[in-house]
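Structure record follows, encoded as structure tokens.
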Amino acid sequence: LWDPKTMEHKGTLTGHSEMVACVAYSPDGKRIASASEDKAVKVWDTVTMEEAGNLKGHCDWKYCVTYSPDGKHVASASKDKAIKVWDAVTMEEVCSLKGHSRDVNCVAWSPDG
């Protein structure tokens with residue numbers, strides 16, 4: 001990660017074993033979520049640069065991850081044809097949106113959540 005004002009390197013988030021497809025900052029900037037081909041969605045603390053959690057539930061590659069506008073939830077899209085919604089604090093799965101006939105490549109929240 002780099003500081004956008006100074007371009008100073010702040011640290012490297014290591015922990016995925018395959019390519020990272022997507023990263024997203026929480027609205028307060030305190031966490032980053034990353035989606036990877038290693039079937040993991042990891043949550044990172046931006047101060048310590050340490051892994052803060054692992055959102056487990058998808059059974060295939062993760063393509064996209066995003067925080068809700070209020071920062072209370074994380075949504076992830078996967079090759080397993082599902083979107084999962086997670087509680088950003090407990091990191092527990094809230095729901096799984098199934099029914100797509102193909103991979104789900106992207107997910108987004110409406111501005112009002």
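The values are calculated or read from the model by the stated rules, or taken from the named source; none is laboratory data. Quick caveat, the model's predicted, so the values are computed rather than measured. Don't worry about glycine lacking a Cβ; one is built from the backbone with ideal geometry, like all the others, and counts go over all protein chains shown. Surface accessibility is based on the protein's heavy atoms, side chains included, excluding ligands, DNA and RNA. Shrake-Rupley method; radii C 1.70, N 1.55, O 1.52, S 1.80 Å.
In the list Leu13, Leu55, Leu1, which residue meets the criterion of being among the hydrophobic types (A, V, I, L, M, F, W, C), closer than 21 Å to Trp109 by Cβ and touching a residue at least 24 places away in the same chain (Cβ under 8 Å)?
Leu55
Can you say whether Pro27 is in contact with a Ser or Thr (Cβ under 9 Å, 6 or more places away or on another chain), within 28 Å of Pro111 (Cβ to Cβ), assigned to a loop (DSSP other than H, G, I, E, B) and open to solvent by 30 Å² or more (accessible area, probe 1.4 Å), as far as the supplied structure shows?
So Pro27 fits the description; yes.
Could you list all residues from the stretch 30-61 that are open to solvent by 80 Å² or more (accessible area, probe 1.4 Å) and within 22 Å of Ser96 (Cα to Cα)?
Result: Lys39, Lys56, Cys59, Trp61.
What's the total number of residues in the stretch 62-113 that are touching a Leu at 6+ places or on another chain (Cβ under 7 Å) and among the polar types (S, T, N, Q)?
Total satisfying the criteria: 1.
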